[in-house]
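Just below is one structure, and these are the notes that go with it.
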2 protein chains.
Amino acid sequence: MKRVIVFFADGFEEIEAISVVDVLRRANVHVDMCSITGNQVVVGSHKIPLISDMSINDANVSDYDACVLPGGMPGAETLSNSQQVKEFFVKMNEQGKLCCAICAAPMALYKFGLLTGKVCVSYPGFLDYDDVVHGTGKTAVDCNIITATGPAAATDFAFEILKALGYVDEANKISKGMLF
Amino acid sequence: MKRVIVFFADGFEEIEAISVVDVLRRANVHVDMCSITGNQVVVGSHKIPLISDMSINDANVSDYDACVLPGGMPGAETLSNSQQVKEFFVKMNEQGKLCCAICAAPMALYKFGLLTGKVCVSYPGFLDYDDVVHGTGKTAVDCNIITATGPAAATDFAFEILKALGYVDEANKISKGMLF
């Protein structure tokens, strides 16, 4: 069973975060919703409170195949400023594991030094740097880096992660089951 | 400000429920997430725990312009078997207020007696009755009844509710902002 960790700070975009957890769990991927705030309850940018599964203090790179950052403000900014999140992503990237971010959160991957020369996408305005290659679709997959544009791309993003984890048949089956 | 109540039982479909709350709150609609279980924490069908805003014991028809049932199992079945939810929807319907359901939950509207002769849609298999008129789209709007097919229709469902509440310009603006 593959294992995925999704990091949450207050002000996460609910559709983006929940779509990833929902779709991956439909494929029986183990997904941990991980709070980086010190509080188990994290509150989204539209005031929806979730109870996370664990704290970043208990998160080990060796336990996961992919790590994910949802967008939403100020959540994505908090994630991008976290030294713990940075160290986690840098180690995951060094081991060639999937590093994924959507909407405003690809700016965190950029700050962590993971996007140089990579094809990637974000919500407009969040990746205005010369040393990234801007993709043209709703999602971009370049080696172990998966990025997506915004709420409308949330399920596409989830399916790209699922396929990159090796669940191609499940992704197609689940997509049909969800009436996409 | 318009006011909407979304009812939650354990086993709600997270994308369907959250998309409605997220989109409506983007338009500054007042949305209450209302637990019908007696517990403030409600757990989705993919094991995501949410903290609801209120209990159905404190819900008054006079406070709301629309009521919404998310799908997901066994959540939709629990909603459809709730006498309190039934009484709420019957009163809302009598007053011509919006009664909305997605995925498996239109079966609840049917059980409550709200769908006779109405054009409506659901997840395949949940509205196999002779006295309803099956729509062909991802959503159906017939007078005060709004229904939708499943997770892939969750944001469409939310935008139909928003427009039916009178927020047409906001719906278009928010849709663009979400990159639809």
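The values are calculated or read from the model by the stated rules, or taken from the named source; none is laboratory data. Just so it is clear, the structure is predicted and the values come from calculations on it, not from any experiment. Reconstructed Cβ throughout: ideal geometry from the backbone, glycine too, with neighbour counts over all protein chains shown. Side chains are part of the model used for accessible areas, which takes the heavy atoms of the whole protein and leaves out ligands, DNA and RNA. Shrake-Rupley method; radii C 1.70, N 1.55, O 1.52, S 1.80 Å.
If the Cβ limit is 9 Å and pairs must be 6+ apart or interchain, which residue in the stretch A:97-111 that is closer than 8 Å to A:Thr147 by Cα pairs with which residue that is charged (D, E, K, R) and open to solvent by 10 Å² or more (accessible area, probe 1.4 Å)? Short answer, once both residue conditions are applied: A:Cys100/A:Glu160.
Do you know which of the residues in the stretch A:129-177 that are without any contact (Cβ under 8 Å) to a residue 40 or more places away in the chain, within 13 Å of chain B (Cβ to nearest Cβ) and under 25 Å from B:Gly71 (Cβ atoms) is most open to solvent (accessible area, probe 1.4 Å)? The residue in question is A:Lys176.
Checking each residue in the stretch A:32-65 for being crowded, with 19+ Cβ neighbours inside 10 Å, hydrophobic (A, V, I, L, M, F, W, C) and within 12 Å of another protein chain (Cβ to nearest Cβ) picks out A:Met33, A:Val42, A:Val43, A:Ile48, A:Leu50.
Considering every residue within the stretch B:83-98, establish whether at least one is within 14 Å of chain A (Cβ to nearest Cβ) and either in contact with a Leu (Cβ under 6 Å, 6 or more places away or on another chain) or among the hydrophobic types (A, V, I, L, M, F, W, C) (or both). Before the answer, list the steps.
Residues of the stretch B:83-98 that are within 14 Å of chain A (Cβ to nearest Cβ), as a first pass: none.
There is no residue in the stretch B:83-98 that is within 14 Å of chain A (Cβ to nearest Cβ) and either in contact with a Leu (Cβ under 6 Å, 6 or more places away or on another chain) or among the hydrophobic types (A, V, I, L, M, F, W, C) (or both).
Would you call A:Val68 crowded, with 20+ Cβ neighbours inside 10 Å and in a helix (DSSP H, G or I)? No: the conditions fail for A:Val68. Residue-level check: of (1) over 16 Å from the mean Cα position of the chain (by Cα); (2) open to solvent by 30 Å² or more (accessible area, probe 1.4 Å); (3) more than 12 Å from every other protein chain (Cβ to nearest Cβ), B:Pro124 misses just (3).
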